[in-house]
1. Could you list which residues have their amide H under 5 Å from that of Val136, counting only those 5 or more apart in sequence or on another chain, with H placed in the peptide plane?
2. Sort the following peptides by mean Cβ neighbour count (other Cβ atoms within 10 Å, averaged over residues), highest first: 122-131, 4-13.
3. Taking only protein heavy atoms into account and a 1.4 Å probe, give the accessible area per residue of the stretch 75-190 in Å².
4. With the full set of protein chains in place, find how many percent of the accessible area of the stretch 136-181 is carbon and sulfur; take the probe as 1.4 Å.
5. Helix-only mean residue ellipticity at 222 nm, the chain, DSSP H runs n ≥ 4 weighted -39,500 (n - 2.57), per residue, nearest 500. What is it?
6. What is the angle, in °, between the Cα long axis of helix 150-159 and the longest principal axis of the Cα atoms in the chain? Nearest 10 is fine, range 0 to 90.
7. By how many nm would the segment from Arg30 to His69 lengthen if fully extended, with 0.36 nm per residue of separation less the alpha-carbon distance?
8. What whole number of Å gives the distance from the Cα centroid of the stretch 45-106 to the Cα centroid of the stretch 21-40?
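The values are calculated or read from the model by the stated rules, or taken from the named source; none is laboratory data. Keep in mind it's a predicted model, so treat the numbers as computed, not measured. Using ideal geometry, Cβ is built from the backbone for each residue, glycine included, and neighbour counts are taken over all protein chains shown. Calculation scope for accessible area: heavy atoms of the full protein, side chains included, ligands and nucleic acids excluded. Shrake-Rupley method; radii C 1.70, N 1.55, O 1.52, S 1.80 Å.
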Amino acid sequence: MKSHILTITLNPTVDFCTTAPEIEPGAKLRCSEPQIDPGGGGINVARAVKLLGGQATALVAIGGATGAHLLQLLALEGVPTVAFQGPGETRQSMSVINQTNSDQFRFVMPGPVWTDADVPRALNSVDQATGEDTLVVLSGSQPPGVAKDFPSILAEHVGDRHARLIVDTSGPALFHLVEEPRAALHVLRM
């Protein structure tokens, strides 16, 4: 029996990618028509699973008009999505490729700041979307304001449902997992 896959993206983005003939300071840079994609770690995992012929549901924090645009992009790609209200406006990111030498310049915004009230809403959404034997993938950067021990807290929630958790993160959350071996073992338990 196949396990259901649930990806979690707390800090999603709408990614814009364009090219310019040459990138130099001060000048107006005339860019090509941008390619616009849904982005964020968990979203990219769900999209990859779909491209490989599988199915994963993307659980996504959204906000504002950019959040609505993100949901449209995911629907157009046929990625099943469970959205919950995140704080503020969903972020946008931009990449510009210099056509002269193929250098890529990536501008990644931090995303809206989360408060203590936002985390329980996220965990409640995870609880509702997670069943026994679900493979949960927390992937991507954590939004500003989310505690570094969030992966450990999430592990307790999915463990209570006999689900498994994979964490792909960076920064303070990753360092916390490395510094707290017990937390890391709890998260990596399969």
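1. Leu6, Arg164, Leu165, Ile166
2. Details: 122-131: 16.8, 4-13: 25.4.
Order by mean packing, descending: 4-13, 122-131.
3. Numbers: 6530 Å² over 116 residues.
Normalised by residue count, the accessible surface of the stretch 75-190 is 56 Å².
4. Numbers: 1230 of 2190 Å².
The C+S portion of the solvent-accessible surface of the stretch 136-181 is 56 percent.
5. Working: 6 runs with 64 residues, N = 190.
Calculated at 222 nm, the ellipticity per residue is -10000 deg cm²/dmol.
6. In the chain, helix 150-159 runs at an angle near 50 degrees to the longest axis.
7. Working: separation 39, 0.36 × 39 = 14.04 nm, distance 2.45 nm.
Once the chain is fully extended between Arg30 and His69, it gains 11.6 nm.
8. Answer, in whole Å: 18.
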